[in-house]
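Take a look at the structure set out below.
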Amino acid sequence: MHLTDREWWGIIHGMGLGALFLLAFAGGLAGLYSLRPGLLTQEGISERMRRLQVGTWGMALIAWLTVFTGTWIVYPWYRADTGTCATSAGPGCGAKFTLLSDPGTADWHNFAMEWKEHVAWIAPLLATAVAFAVTYYGASLVKHQGVRKALMVFFTLAFAVAGIAGAMGAFITKAAPVH
C-alpha cells in the first residue's frame, strides 16, 4: 500500500494525534476522579499528582498539535483552488469545492467544516486551562472538591468538542477526500 504525503499527514492529524488525545483524556479524567478525600494516603496523592500533571499537560499539548496540524497543514489542501474551482469542481480543486458543488454534501462544508475550523479551537484552550489549574492547585485539589469537579467538566467538554471535530473530519474525508 502506498500513501501520499497528504494521506500521511491526515493519518498523523486524525488517527495518530486523535488516539493519543483519547488516551490522555482517559488517564486525566481517571486521575481527576480518583482525587477524593479518604481514598488516598499522602504518598498516593503525591504519586497521582505527578501523573495527573503530566497527563493533563500531555493532553493539552496533543490538542494544540492537532489543531495546528489541521489548521496549517491539512486544511490548506482541503480548500485548494486552482482558479477554476469557483465554476466547477474537478481535478486540482480541494475537497471544499467537491462538497460545495453538490447540494447533498454542501452541509458537510457549511456546518461540519466550520465546526472543525472554529469551534475545535476550544478543545486545546479548555485542556490547557485544566492543566494549568491542576498544576496551580496541585495536591490541594483533594480539599477543593468543587474545583476538582469543575475541572472534570472542563476536561470532558474539551474531549467532547474534539470528539465532535474528529467525527466531522472522518465524515468529511469519507464524502470528499483530500487529494
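Look at (1) under 19 Å from Lys149 (Cα atoms); (2) open to solvent by 70 Å² or more (accessible area, probe 1.4 Å); (3) hydrophobic (A, V, I, L, M, F, W, C) and you find that Leu65 fails only one, number (1). Of the residues making up the stretch 33-50, those that are in a helix (DSSP H, G or I) and either touching a helix residue (DSSP H, G or I) at 6+ places or on another chain (Cβ under 6 Å) or at pLDDT below 90 (or both) are Gln42, Glu43, Gly44, Ile45, Ser46, Glu47, Arg48, Met49.
Would you mention how many residues in the stretch 100-125 are more than 18 Å from Val54 (Cβ to Cβ), under 15 Å from the mean Cα position of the chain (by Cα) and either open to solvent by less than 20 Å² (accessible area, probe 1.4 Å) or not charged (D, E, K, R) (or both)?
Start the filter on the stretch 100-125 by keeping residues that are more than 18 Å from Val54 (Cβ to Cβ), which leaves 100-123, 125.
Imposing the further condition that a residue be under 15 Å from the mean Cα position of the chain (by Cα) reduces the set to 112-123, 125.
Then keep just the ones that are either open to solvent by less than 20 Å² (accessible area, probe 1.4 Å) or not charged (D, E, K, R) (or both); that gives 112-113, 115, 118-123, 125.
Looking only at that region, the number is 10.
For the stretch 149-179, the candidate set comprises residues that are open to solvent by 70 Å² or more (accessible area, probe 1.4 Å) and free of Cβ contacts under 8 Å to residues at least 12 places away in the same chain; within that set, the residue that is farthest from the chain's Cα centre (by Cα) is Lys149.
Within the stretch 35-47, track down each residue that is closer than 14 Å to Arg148 by Cα and surrounded by 15 or more Cβ atoms within 10 Å (Cβ to Cβ).
Kept after step one, since they are closer than 14 Å to Arg148 by Cα, are these residues of the stretch 35-47: 35-37, 45.
Matches in the stretch 35-47: Leu35, Ile45.
Can you work out which of the residues in the stretch 3-49 that are of a type in the set (Ser, Thr, Tyr) and more than 30 Å from Val74 (Cα to Cα) is farthest from the chain's Cα centre (by Cα)? That would be Thr41.
Quick test for you: out of Ala24, Ala30, Ala19, pick the one residue that is part of a helix (DSSP H, G or I) and either among the basic types (Lys, Arg) or over 30 Å from Ala176 (Cβ atoms) (or both). Full working, then the answer.
On the way: Ala24 fails: either among the basic types (Lys, Arg) or over 30 Å from Ala176 (Cβ atoms) (or both); Ala19 fails: either among the basic types (Lys, Arg) or over 30 Å from Ala176 (Cβ atoms) (or both).
So the residue among Ala24, Ala30, Ala19 that is part of a helix (DSSP H, G or I) and either among the basic types (Lys, Arg) or over 30 Å from Ala176 (Cβ atoms) (or both) is Ala30.
The values are calculated or read from the model by the stated rules, or taken from the named source; none is laboratory data. All of these numbers come straight from a predicted model, not from anything done at the bench. A quick note on method: Cβ atoms are made from the backbone with ideal geometry, for glycine too, and the neighbour counts reach across all protein chains shown. Heavy atoms of the whole protein, side chains included, go into the accessibility calculation; ligands, DNA and RNA do not. Shrake-Rupley method; radii C 1.70, N 1.55, O 1.52, S 1.80 Å.
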